[in-house]
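A short worksheet on the structure shown next.
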Amino acid sequence: DRELRGIEKMSKFAKVLGGAAAVALALGSLPANAQTAIKFTLDWVFQGPTSPFLVALEKGYYKAEGLDVTMDPGQGSAGAVQRVATGAYQIGFADVNSTIEYNAKNPGKEVLCVFMVYDFAPFGVYALKKSGIKTPKDLEGKKLGAPVFDASFRLFPAFAKKNGITKWEHVNLTPQLREQSLVQGTVDFISGHYFSSMLDLKARGVAFEDIVAMRFVDFGMDVYGNGVVISGEMAKNEKAVKGFLAATMKGWKDVIANPQLGIAAAKKRDPLIDEKLEMERLKISLETNILTPYVKANGMGDVDPARFARAVKDVSEAFGLPNAPAPDKVFSNAYLPPKADRMVSK
């Protein structure tokens with residue numbers, strides 16, 4: 001009888017132990033740290049100016065925020081905005097002016113910029129000194145070579161209006177033929193990103209001092225450039241967005257302190273890049289578009305509200321939009337890391 005009772009006790013204990021083991025096994029099958037999956041799209045190929053995102057990924061900054069981030073190259077800012085708007089990607093890096101246009105045309109389906117990277121837009125037009133062109137007014141009646149989707153070209157009408165240029169001839173060119181056509185003299189001036197067109201002309205044997213560069217920001221077009229944009233659905237996940245921006249900020253700080261980190265990260269993604277060229281491109285973007293007086297005083301990521309409102313109005317007019325979207329439908333600083341974390345010293 002005593003042996004029977006002992007067997008019953010052992011049987012009950014085995015059942016309890018078995019149940020506990022089953023629970024433990026079930027819990028063990030769950031990830032210790034569940035990661036939020038995020039697809040992130042760039043506006044263009046992997047280059048020096050976008051390398052801080054790769055550094056943040058490589059160093060595990062996103063993972064530390066509970067994010068499983070994948071990054072893909074893009075095919076232009078308008079495309080990046082579209083990718084985010086459709087939900088194919090949750091977050092992107094895109095020109096805020098393309099965002100303004102999309103939001104104006106798609107009320108209720110807005111894409112939101114939550115971190116401004118290019119405080120000064122890299123847009124501009126470029127001529128050769130030997131052409132005799134010196135000022136914006138000298139562009140009157142001249143041939144402008146540009147792809148139709150080029151951001152600088154699309155904003156050129158606003159630049160022209162502000163600088164008294166009433167007529168010009170547009171020659172539609174592929175990006176590959178743009179700088180080459182200027183060197184060959186088949187067009188009088190071209191439009192493009194400063195850190196791209198200047199370096200592409202240099203690669204074709206044109207010295208910087210032989211180029212007349214007219215950055216829009218220097219001639220009355222005080223618009224912003226690229227920033228981090230999110231979908232409407234992603235905007236509801238405050239923790240994930242804040243984590244993404246906190247990790248991204250760390251990547252930017254690392255690259256600002258040591259640009260070589262960025263170039264090495266870009267090289268891993270695209271072994272064919274010219275490291276020297278991308279280093280120069282990165283440094284130019286830092287000096288002319290990112291580390292502006294405003295950013296040095298206020299940190300990366302935010303905008304000046306009055307300036308941003310003017311920019312939205314100017315861009316809406318340039319694109320011929322019937323109504324300018326409300327600035328707070330285009331940009332929000334609600335997800336930014338604290339100002340102290342966004343300060344940059346260089």
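The values are calculated or read from the model by the stated rules, or taken from the named source; none is laboratory data. This structure is a prediction, so every number in the text was calculated from the model and none was measured. Cβ sites come from the backbone with ideal geometry, for glycine too, and all protein chains shown count toward neighbours. Areas reflect the complete protein model, heavy atoms only, side chains present, ligands, DNA and RNA absent. Shrake-Rupley method; radii C 1.70, N 1.55, O 1.52, S 1.80 Å.
Quick look at the values:
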| item | result |
| --- | --- |
| Every pair of residues 6+ apart whose Cβ atoms lie under 9 Å, when the first sits in segment 292-305 and is open to solvent by 10 Å² or more (accessible area, probe 1.4 Å) while the second is part of a loop (DSSP other than H, G, I, E, B) and of a type in the set (G, A, S) | K296/S345 |
| Subset tally (residues that are in contact (Cβ under 8 Å) with a residue 40 or more places away in the chain, aliphatic (A, V, I, L, M) and open to solvent by 20 Å² or more (accessible area, probe 1.4 Å)) for segment 167-205 | 2 |
| Selection count, segment 55-72, where residues are exposed (fewer than 15 other Cβ atoms within 10 Å of the Cβ) and touching a Phe, Trp or Tyr at 6+ places or on another chain (Cβ under 6 Å) | 0 |
| Residues (within 24 Å of V84 (Cβ to Cβ) and more than 20 Å from the chain's Cα centre (by Cα)) located in segment 317-346 | A318, F319, G320, L321, P322, N323, A324, P325, A326 |
| Count of residues meeting criterion [surrounded by fewer than 19 Cβ atoms within 10 Å (Cβ to Cβ) and either part of a loop (DSSP other than H, G, I, E, B) or of a type in the set (S, T, Y) (or both)] in segment 148-164 | 4 |
| Complete set of residues in segment 306-316 that are of a type outside the set (A, V, I, L, M, F, W, C) and buried (at least 18 other Cβ atoms within 10 Å of the Cβ) | D314, S316 |
| Output for segment 120-147, where each listed residue is of a type outside the set (D, E, K, R), in a loop (DSSP other than H, G, I, E, B) and surrounded by 14 or more Cβ atoms within 10 Å (Cβ to Cβ) | F120, A121, P122, I133, P147 |
| One residue from V114, V96 being surrounded by fewer than 24 Cβ atoms within 10 Å (Cβ to Cβ), among the hydrophobic types (A, V, I, L, M, F, W, C), under 30 Å from P338 (Cβ atoms) and touching a residue at least 40 places away in the same chain (Cβ under 8 Å) | V114 |
| Residues (in contact with a Ser or Thr (Cβ under 9 Å, 6 or more places away or on another chain) and open to solvent by 30 Å² or more (accessible area, probe 1.4 Å)) located in segment 236-252 | N237, K239 |
| Helices (runs of 4 or more DSSP H) contained in segment 279-346 and holding at least 1 residues touching a Pro at 6+ places or on another chain (Cβ under 8 Å) | 305-318 |
